[in-house]
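Since every read-out is calculated from the coordinates, none of them should be taken as a lab result. Everything numeric here is computed off the predicted structure, so don't read it as measured data. Note that we place each Cβ from the backbone using ideal geometry, even for glycine, and neighbour counts take in every protein chain shown.
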Amino acid sequence: MTHHLPADRAPAGPYLVDVTPESAGWSHSSLRVLELEPGGSHTFDTGDSEWIVLPLSGGCTVASADDFGHDTFDLAGRTSVFDGVSDFAYVPRDARATVTSPDGGRFALTGARCTRRLPARYGPAADVPVELRGTGNCSRQVNNFGAAGVFECDKLIAVEVITPGGNWSSFPPHKHDEHRPGEESVLEEIYYFEFADHDGVPGLGYQRVSPSGPGRDTDVLAEVRDSDVVLIPDGWHGPSMAVPGHHMYYLNVMAGPEDERAWLICDHPEHAWIRSTWPDQPVDPRLPLYTAPERSV
């Protein structure tokens, strides 16, 4: 199995990135990245998966239709992932969705196979919790738009992480590949990367995944660039390293077979101590890059 998919290996059909359970060799998690020209439109069937349509750049209209009715959501979106929190739309399983963009843009479709059909919904940018995690050179920003306990889904968990240039995130290395009730959940995970350039020079970073035990032998040390994907069926993942001078963004998509939708992780025992140093250091002053907009009255 290939766990690092450079940008030129991920496209399929109309998508810049197309990761399905079949192509990944697992059971639940999916990610598509759709690029639309001005006035462009794309229709897809949700099938046995629930989806969140998240603008990466630009805005769009998302229409969802099924046997229960028709819903339309206008997404303001954003200029880029480094410029602001985005609103989003949830589209249930067994529906037909159409994404239309008057001005064009790039849109992530984060998906998970599921059993329950939940209603189509709009997620306002103002309701997205923006979390600062870690301190010092482990500081990063997490936009918890589709986190468990934040936005209801059946199986899907999705968040955005922004790591300032020179910092390490997904650290200490952690895993979620064993069923241990109340302590650790089984979640397949996708990392999708974008980088801020500097004077036109593209950014890059590095991603590490290491084996976590017998039968859990995913092993990755990858140089990652814009639109690269790393698949994590198991293993300790982290650090995710941003080179100096270039902020790093990654979109995490997670789902799995657990009855409870929860992000329960286990830190690598050799590196867990780093958390104890965080209270003695300030958060990187470059963070947050931005906060969620104020709620309208």
About its Cα centre, the chain carries a charge dipole, from +1 on Lys and Arg Cβ atoms and -1 on Asp and Glu Cβ atoms, whose size in debye to the nearest 20 is 280
Per residue of the chain, what 222 nm ellipticity follows from adding -39500 (n - 2.57) for every DSSP H run with n ≥ 4, rounded to the nearest 500? 0 deg cm²/dmol
Exposure proxy ranking, count of Cβ atoms within 10 Å, fewest first, for S212, S49: S212, S49
Can you pull out the GluC sites (Glu not before Pro) in the range 216-297 that DSSP calls coil and that have at most 14 other Cβ atoms within 10 Å? E260, E270, E294
Expected output is a single nm value to one decimal: the length gained when fully extending between E152 and A76, i.e. 0.36 nm times separation in residues minus the C-alpha distance. What is it? 25.2 nm
Per residue of the range 114-129, what does 6.51 cos²θ - 1.76 cosθ + 1.60 with θ = phi - 60° give for ³J(HN,Hα)? Whole Hz please, x for Gly and Pro, Karplus curve as stated. 8, 10, 7, 9, 9, x, 5, 8, 9, x, x, 4, 5, 8, 7, x
Shape of the range 29-71, Cα gyration tensor, a/c cut at 1.5: oblate
Per-residue HN-Hα couplings for the range 219-228, Karplus 6.51 cos²θ - 1.76 cosθ + 1.60 at θ = phi - 60°, whole Hz, x for Gly and Pro? 9, 9, 9, 10, 7, 10, 10, 3, 6, 6
Any idea what Rg and Dmax come out to for the range 10-280 if you just take the C-alpha atoms, in Å? 17.9, 56
Each label point is 7 Å from the Cα along the Cα-to-Cβ direction; what then is the distance between the points at S41 and E294, in nm? 3.7
From fewest to most C-beta neighbours within 10 Å, the residues D8, D217 line up as D8, D217
Within the range 121-220: Cβ-based charge dipole about Cα centre, in debye rounded to nearest 20 (Lys, Arg +1; Asp, Glu -1): 200
Local electrostatic count, L251, Cβ distance below 11 Å [Lys/Arg +1, Asp/Glu -1]: -3
Loop-only GluC sites (Glu not before Pro) in the range 138-202, please: DSSP not H, G, I, E or B, and at most 16 other Cβ atoms within 10 Å. E152, E178, E183
Sites D48 and E178 - FRET efficiency at Förster radius 30 Å, r taken between beta-carbons, to 0.05: 0.75
So, in nm, how far is label R216 from label S27 when the simple model puts each one 7 Å beyond its Cα toward the Cβ? 1.6
Taking 0.36 nm per residue of separation between D103 and D67 and subtracting their Cα-Cα distance, the length gained on full extension comes to 9.9 nm
Assuming a ≥ b ≥ c are the square roots of the Cα gyration tensor eigenvalues, decide whether the range 190-297 counts as rounded (a/c under 1.5), prolate (otherwise, with a/b larger than b/c) or oblate. rounded
Once you put a point 7 Å from the Cα of D94 and another 7 Å from the Cα of H271, both along the Cβ direction, what distance in nm separates them? 4.3
For Y90, the net charge from surrounding residues (Cβ-Cβ under 10 Å; K, R +1; D, E -1) works out to -2
Top positive-direction residue, dipole computed over the chain with Cβ charges, set A196, G105, A12: A196
Ranked T291, T46, T163, criterion: other C-beta atoms within 10 Å, fewest first: T291, T46, T163
